[in-house]
Amino acid sequence: GVELSTYGKEEVHILGYNVPYLDPSFAEEVVRLQTLRQERVRLVVEKLRRHGVKLVVGNELDNPSAGRSHVAELLVKQGFVRSKAEAFDKYLGKGAPCYVDGMRVTPEDGVRLLRDAGAVPVLAHPYRFLHDATLPEMVRNLVRAGLMGIEVYYPNYGPAVRDSLSGLARTHHLIVTGGSDFHGAGDGAPVGSTGAFLDERAQEILLNAKS
């Protein structure tokens, strides 16, 4: 699978399940997005240095999927901050001095890209960037673009949030998914675990879903 960072009025992450990696047009688009992502990381590191944070970068950021989370790990490792959360608050998050806008793929375009490739697009961790006032409209727009699922089970989502998201899923006939949002060491749930309960029926539906 893949996770696309997209941008409209808010940042929105779109998961792609059952991705056809060998599809030439999809692979070409992923390479283009990765190039934009790498350029963003380069600009972030430049900004950090201009703000007196002399980050030493070896090959840690050479991965095409490297992003702000990986920069945050380096900031922790080299003693500039105590945690990744502090790295985002102090330097990397929106409104912080070293923030750099990401690639300008809209949430709707991200969904269409995945559907056109035959993948299953799912709205990731909806309350990370959205809230009760913006989420319903975003879901409606994404459903029109071809959204097929919504991430309901997430490590820090309690029963009330899960119930609310499950209601949205029922309203729009969306697949329910769950995940850990694991992007590397220190991200919580161990590899192979979602960090959240996801019943077997939901897993079966996702595995058998086709765009």
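The values are calculated or read from the model by the stated rules, or taken from the named source; none is laboratory data. Keep in mind that what you see is a predicted model, and the values were worked out from it rather than measured. Glycine also receives a Cβ, built like all others from the backbone with ideal geometry; neighbour counts cover every protein chain displayed.
When we screen V57, V44, V71, V81 for residues that are touching a Lys or Arg at 6+ places or on another chain (Cβ under 9 Å), touching a residue at least 12 places away in the same chain (Cβ under 8 Å), surrounded by 14 or more Cβ atoms within 10 Å (Cβ to Cβ) and of a type outside the set (G, A, S), the only hit is V44.
Being closer than 18 Å to G1 by Cβ and either of a type in the set (K, R) or at pLDDT 85 or above (or both) is not true of P136. Listed conditions (1) modelled with pLDDT of 85 or more; (2) within 24 Å of P107 (Cβ to Cβ) are all met by H51, apart from (2).
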